Structure formats: structure tokens, C-alpha cells
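Novice: Before we start, here is the structure in question, set down as C-alpha cells.
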Amino acid sequence: MSNPFLSVRDLKVHFATHDGVVKAVDGLSFDVERGKTLGIVGESGSGKSVTNMAILRLHDPRNTVMDGEILLDGKELITASERELEQLRGNKMSMIFQDALASLSPYHTIGAQIGETYRKHTGASKKEARARSIEMLRRVGIPQPDVRVDEYPHQFSGGMRQRAMIAMALVCDPELVIADEPTTALDVTVQAQIMDLLKDLQQEFGTAIIFITHDLGVIADIADDVLVMYGGRCVERGTKQEVLRTPEHPYTLGLLSSMPTLDGPVDVPLSPIPGSPPSLLNPPSGCRFHPRCTFTEKVSGERCSDEQPVLQIGDGRGAACHLTSEQKRELFADYATARTN
Ligand code: SF4
């Protein structure tokens, strides 16, 4: 990627707690191109949401230590002032949260909340902001937007509220949208509508999207590139086709094996990953996945528990694992055969 819109290098986000330092993100690098969608996938506690809150600098600075580099269109965000960030949030980047009801104020109408964001960044009049709110509600598929604009969040259904939040996130035509599990709380039909809506809006505005999810089915639908996170680190990245069709990391393989497919044989048993995600207070030594990995004996000596596998900085294909390419091909072949026969 020659000129990424967002470039994250060796990002660390550590939290000071009474029990010690939680290394929620520990050396993460990735790029996002304009008009493309990066899917970030991983279990709860893998660091996906922390990473994206860090891009918007939403963590409490009193107990958060951030290190590394976050370049948004060439502008360094880790060292940016609060004033500069205020300008960038909404204008250049915005976030769609999982829980629209918790994110919208119950005391103000939907139109007032969308319009307020617009006025703050553009200096538009109240009348202009109202017209813009109606236009945005229409764009995200809210029926009778000129009436619904004066309603409160509790008068909207869950799917409508999520649409309204998308309208709010896009009202200033941001160039980067971070969507944090935006469809998890919705039923499958509404989920599909919201995903289609995001794709349409991306086409229209050329927005770069980071889509955070624990669901590989959602990734298959919406992402161009994929980043798999485990224990605060990236363990695999590549295009959607590369990661989903020919995974190179045992954790990705585990995620895929625990997911049903529609076009594969119905008698392939699902196999959940044994064990639970690592503690980020006291992460395992070496490869953080080693206590749960079923391939450690294929790697010579104690490398898996002693030596951290390295993923080269950059945006290309890669996986952080000591297995050789040949071993992966051989060991993961069973998975591919079982899923495609
Ligand atoms: Fe498994 Fe070792 Fe590879 Fe980690 S480095 S994923 S423990 S084989």
C-alpha cells in the first residue's frame, strides 16, 4: 500500500490498574487504504476495540499509556492536541458504536443530535443543520425523515437507531469510519440491511472503514483486508480471500473451524478452540497462543513458549507463527479438504 490513509505502527496501549499494567495492545501495525474496508477480528479481550478507541484517542489519559505511531492522512494522532483531535473527530474520522441506545442522548431529538455534530464542524445555521439531518436520515433509509427527525431515540426501533447513528457518524463526510460491532445487537435481517447500507455509503463517499467483529461471516461479507488479533497483537493479516481460504495461523484456523459453512459438507463437526483468551496482565511467554495451540510439538524445542514469533511490519500477507510454510500447508490441508469436499 503506497499511500495509506491510516497507518498504525508498533502501537502500544497499556492501562495502569490496581493489579498491575494491562497490555491491551502490544505492538500492532497495519494500514488502511481510502475506500477500502479492513476487518479486525478476534475474541473478546483481543484488543480490537481498544485499538480503535486509541485511534480516536478516546481512552482516559490519566491511566493510559500510548506509544508508537498513528498517522491519519499524514497527521500524527498520538501527540495531537485535544483541540486538533476535536477537529478531526467527526470531520475526518468517526465511530459507530455497538449500542446505539447507550450512545444517543435520550433527552434530545434524533435531528438535534445529528444537526449538532454538523454545526460543530461546519458552523452551519440551525436551519441548514436540520435540512442536513433530514437528508442524512433519508440516505440511511429512514422513512418519512422530515417527521422522524423530530422524534427521540426511544421512538425508533433498534435497527432505526443504528441507522440514525450511522447518519450521525457520516454527517460530515468523514474519510475514515470505525464501526465497532455495529450489528451485533440486531436481528439477522436488519444486520444484512445495515451492512448493505455501509457498503453503499462507502461507494458513494469513498470512505475507509475499519469494521470490528468477532464474526468471520461478517468479515466474509464486508471486508477487503483482514487483521486477526489475539492477546493484544496481530497474529495474521492478508486479503479476505487469503485469510479465509488459506489461513496461516493456528488461531485463525481455530476461528474458521468453529464456524459453520453453508456450502461445505454438513457432517464436518465444528471444533471450538480449547481454553480461554490470555490474561493481558500476565500474558503467556513466547507465542501468546501457545497454551491453546495444538501444533506446538511440531515446532522444535521450546520455541513456542520461549520465543515470540514476529510479524514483519508492513501491510502484506503474513502470520506470526514459528511453523514453516511447508508445515502449515501440510497441517492445514485437512481443514481445507474437510471444508470444500
Ligand atoms: Fe502455535 Fe507455536 Fe505457531 Fe504459536 S508459534 S501459533 S504456539 S505453532
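Coordinate-derived values only; no laboratory data. All values reported here derive from a predicted model rather than from experimental measurement. Cβ atoms come from the backbone with ideal geometry, glycine included; neighbour counts cover every protein chain shown.
Novice: Taking the alpha-carbon distance from LYS127 and a cut-off under 29 Å, which lysines remain once sequence neighbours fewer than 8 residues away in the same chain are dropped?
Specialist: Cross-link targets: LYS92.
Novice: For the range 168-225 and the range 289-312, what is the centre-to-centre distance using only Cα atoms, to the nearest Å?
Specialist: Value for the Cα centre distance between the two parts: 34 Å.
Novice: For ILE219, ILE178, what ranking results if the residue with the fewest other Cβ atoms within 10 Å of its Cβ goes first?
Specialist: Arranged by neighbour count, lowest to highest, ILE219, ILE178 become ILE219, ILE178.
Novice: Exposure proxy check: LYS75, LYS120 ranked by fewest other beta carbons within 10 Å? Please list the in-between numbers first.
Specialist: Numbers: LYS75 13, LYS120 16.
By the 10 Å Cβ count, ascending: LYS75, LYS120.
Novice: Continuing with this model, one more query. Below 8 Å, C-alpha to C-alpha, sequence gap of six or more: please give me the relative contact order for the chain in percent.
Specialist: Values: 634 pairs, mean separation 70.0, N = 341.
Averaging sequence separation for qualifying contacts and normalising by length gives 21 percent for the chain.
Novice: Something else: Can you give me the long-range amide H partners of GLY39? Hydrogens built in the peptide plane at 1.01 Å from N, cutoff under 5 Å, separation of 5 or more residues or another chain.
Specialist: Under 5 Å from the amide H of GLY39 lie the amide H atoms of PHE211, ASP224, ASP225, VAL226, LEU227, each far enough along the sequence or on another chain.
Novice: Mind computing the radius of gyration and Dmax over the alpha-carbon atoms of the range 59-113? Å is fine for both.
Specialist: Here Rg and the maximum Cα pair distance are 14.4, 40 Å.
Novice: Using only the alpha-carbon atoms, how far is helix 82-91 inclined from the longest principal axis of the chain? Give it as 0 to 90 degrees, nearest 10.
Specialist: The two axes meet at around 80 degrees.
Novice: What ranking do ARG245, ARG163 get, fewest neighbouring Cβ atoms within 10 angstrom at the top?
Specialist: Sorted ascending by nearby Cβ count, the order is ARG245, ARG163.
Novice: If you add up the charges near SER285, with Lys and Arg at +1 and Asp and Glu at -1, over every other residue whose beta carbon is less than 10 angstrom from its beta carbon, what do you get? Please list the in-between numbers first.
Specialist: Values: positive: ARG288; negative: GLU302, ASP306, GLU307.
Within the 10 Å Cβ shell, the charges total -2.
Novice: Please list, or write none, the lysines whose alpha carbon is within less than 30 Å of the alpha carbon of LYS298, excluding same-chain residues fewer than 8 places away.
Specialist: Reachable lysines: LYS23, LYS48, LYS240, LYS328.
Novice: Farthest toward the dipole's positive end in the chain, which of ALA164, PRO278, ALA333, given Cβ charges of +1 (Lys, Arg) and -1 (Asp, Glu) about the Cα centre?
Specialist: Value computed over the given set: ALA164.
Novice: What percent of all Cα-Cα pairs in the range 102-170 falls in each 10 Å bin, counting up from 0?
Specialist: Calculated over all Cα pairs of the range 102-170, the distribution is 24, 60, 15, 0 percent.
Novice: Viscosity 1.567 mPa s, temperature 4 °C: give me the Stokes-Einstein translational D for the range 159-240 in µm²/s, with Rh taken as the Kirkwood radius over C-alpha pairs.
Specialist: D, rounded to a whole number, is 96 µm²/s.
Novice: Which angle between 0 and 90 degrees, to the nearest 10, do you get for helix 325-340 versus the longest principal axis of the chain when only C-alpha atoms count?
Specialist: 60 degrees
Novice: Direction-averaged shadow area of the convex hull around the Cα atoms of the chain, nm²? Mind dumping the intermediate values first?
Specialist: Numbers: hull surface 74.1 nm².
Taking a quarter of the hull surface, the average projection is 18.5 nm².
Novice: In degrees between 0 and 90, to the nearest 10, how far off the longest principal axis of the chain does helix 158-170 point, with axes built from Cα atoms?
Specialist: The angle comes out at about 80 degrees.
Novice: Turning to a different aspect of this structure: Rounded to the nearest 20 debye, what is the charge dipole size of the chain about its Cα centre when +1 sits on each Lys and Arg Cβ and -1 on each Asp and Glu Cβ?
Specialist: 680 debye
Novice: Multiply the residue separation of ASP19 and GLU330 by 0.36 nm, subtract the distance between their alpha-carbon atoms, and state the gained length in nm to one decimal.
Specialist: Values: separation 311, 0.36 × 311 = 111.96 nm, distance 4.27 nm.
Taking 0.36 nm per residue and subtracting the Cα distance, the gain is 107.7 nm.
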